[in-house]
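This report concerns only the one structure given below.
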Amino acid sequence: MFADRVLSGMRPTGRLHLGHYHGVIKNWVQLQSEHECLFMVADWHALTTNYDDVGVIESSLWDMVIDWLAAGVDPAQATIFIQSKVPEHAELHLALSMICPLGWLERVPTYKDQIEKLSHKDLATYGFLGYPLLQAADILVYKANRVPVGEDQVPHVELTREMARRFNHLYGREPGFEDKAIASIKKLGSKKSKLYQQMRTRYQQEGDDEALDAARALLADTQNLSIGDRERLFAFLENKGRVILPEPDALLTAASRMPGLDGNKMSKSYGNTIALREAPESVSKKVRAMPTDPARVRRTDPGDPAKCPVWQLHQVYSDEATREWVVKGCTSAGIGCLDCKQPVIEGVLKEQQPMFERAQKYLDDPTLVKAIVADGCERARKIANDTMKDVREAMGLGY
Ligand code: SF4
């Protein structure tokens with residue numbers, strides 16, 4: 001059993017491209033072997049901005065899951081599920097909306113940014129204002145304690161932490177807390193239970209901070225303990241109310257600026273993408289048509305790689321020796337631009353080849369993908385339902 005649980009998701013709003021691969025999915029593939037991971041198709045989130053164009057959601061959804069699998073997300077290691085098939089997300093979102101001050105949502109920086117960026121859409125909706133709260137519910141319903149995000153998403157994790165704190169403050173005194181804590185202590189095993197009890201007594205009777213730290217370390221190191229039991233025992237140590245919804249930490253991912261075909265960041269809105277499973281002829285055609293340093297009008301004109309979008313792709317796909325060859329050949333007009341683009345084409349195709357191979361079995365038999373997702377939804381629902389039992393009980397709805 002992993003000590004950490006990771007939750008991440010993606011909106012199904014179109015085909016995935018290599019920017020998604022380098023920016024998000026590669027990281028997921030790494031995380032799935034290190035932590036318990038839940039990867040969510042965020043279809044309700046897609047509705048917050050695409051409520052007037054719902055066709056794109058269903059048409060993108062299954063292809064997106066195949067792209068994840070093709071890119072190396074392994075259903076034997078990670079849980080892949082669809083948000084709307086786990087209604088507990090909506091239930092927790094509603095519950096949290098009862099206690100979320102409006103100002104907390106209005107001050108989320110991405111709210112105003114997105115309204116400006118998507119000015120062609122009417123986003124003066126409750127759903128759009130509330131989407132960071134839905135994200136908080138997504139995370140908290142699994143008691144996920146690690147959330148991989150880029151710098152711009154950190155305020156969303158911060159809101160989630162504030163919501164968890166507010167919830168625990170209001171409802172953390174669960175009935176029968178003491179009895180439940182004693183039951184959780186037993187799950188530590190006899191030796192660790194004894195140690196935990198001794199350190200708790202030392203801390204509570206003598207104010208021994210070292211004993212508190214040691215008890216916390218003992219809990220953190222105990223693998224076979226559920227997140228609920230662990231949080232209860234952390235709270236019991238200090239005689240606090242129980243932490244029903246643990247606060248997650250942002251797992252800051254390095255900003256990936258995967259360059260697109262025009263040198264801007266690869267993005268659907270710039271029309272500069274290479275799809276994750278783009279046909280090899282199309283990859284070749286797109287890269288060959290890429291703009292280069294405008295100074296290279298003729299083959300005999302020297303150029304400057306720093307002024308060329310192709311060079312940025314060499315940074316991603318070429319080794320040191322190839323990059324030296326580019327710099328030398330470009331600045332001396334020793335190579336032509338089509339020669340220079342060839343290693344990039346080969347690099348992209350090499351990266352994509354295993355993706356095509358992995359995708360084929362799912363394309364041949366789409367029921368496999370549906371089965372993976374159905375299985376994932378069931379697993380996700382089980383965890384979410386356990387959390388909601390605690391939440392309902394804490395909010396006086398446990399009847
Ligand atoms: S040789 Fe390569 S780096 Fe130089 S301008 Fe042409 S494509 Fe760009």
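The values are calculated or read from the model by the stated rules, or taken from the named source; none is laboratory data. Everything numeric here is computed off the predicted structure, so don't read it as measured data. Here Cβ is always computed from backbone atoms with ideal geometry, including for glycine, and neighbour counts include all displayed protein chains.
Within the range 1-59, the residues that satisfy the criterion of being under 21 Å from F128 (Cα atoms), of a type in the set (D, E, K, R) and part of a loop (DSSP other than H, G, I, E, B) are R11, D52, D53.
With respect to being in a helix (DSSP H, G or I) and surrounded by fewer than 17 Cβ atoms within 10 Å (Cβ to Cβ), L170 fits the description.
For the range 141-161, the tally of residues that are assigned to a helix (DSSP H, G or I) and surrounded by 15 or more Cβ atoms within 10 Å (Cβ to Cβ) stands at 8.
Got a sec? Which helices (runs of 4 or more DSSP H) wholly within the range 297-370 have at least 1 residues that are among the hydroxyl-bearing types (S, T, Y) and within 16 Å of the ligand (Cβ to nearest atom)? Before the answer, list the steps.
Numbers: elements: 309-317, 320-331, 337-364.
Result: 309-317, 320-331.
Among the residues making up the range 369-398, those that are aliphatic (A, V, I, L, M) and in contact with a helix residue (DSSP H, G or I) (Cβ under 7 Å, 6 or more places away or on another chain) are V369, V373, A384, M388, V391, A394, M395.
Contact map, the range 172-193: first residue closer than 21 Å to M395 by Cβ, second residue modelled with pLDDT under 90 and aromatic (F, W, Y), Cβ cut-off under 6 Å, separation 6 or more or different chains; pairs are A181/F236. For the residues D262, D209, D152, the requirement of being under 27 Å from G130 (Cα atoms), without any contact (Cβ under 8 Å) to a residue 60 or more places away in the chain, in contact with a helix residue (DSSP H, G or I) (Cβ under 9 Å, 6 or more places away or on another chain) and not aliphatic (A, V, I, L, M) singles out D152.
Could you please find all residues in the range 283-294 being within 8 Å of the ligand (Cβ to nearest atom) and of a type outside the set (D, E)?
Let us first name the residues in the range 283-294 that are within 8 Å of the ligand (Cβ to nearest atom), namely 290, 292-293.
If the condition is that a residue be within 8 Å of the ligand (Cβ to nearest atom) and of a type outside the set (D, E), then M290, T292 are the ones that fit.
This table checks each residue for (1) modelled with pLDDT of 95 or more; (2) more than 22 Å from G150 (Cα to Cα); (3) surrounded by 22 or more Cβ atoms within 10 Å (Cβ to Cβ); (4) touching a strand residue (DSSP E or B) at 6+ places or on another chain (Cβ under 7 Å).
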site: M1; (1), (2), (3), (4): no, yes, no, no
site: G23; (1), (2), (3), (4): no, no, no, no
site: V56; (1), (2), (3), (4): no, yes, no, no
site: L69; (1), (2), (3), (4): yes, yes, no, no
site: S84; (1), (2), (3), (4): yes, yes, no, no
site: W104; (1), (2), (3), (4): no, no, no, no
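The set of residues from the range 268-295 being exposed (fewer than 14 other Cβ atoms within 10 Å of the Cβ), under 27 Å from E357 (Cα atoms) and of a type in the set (S, T, N, Q) comprises just one member, S282.
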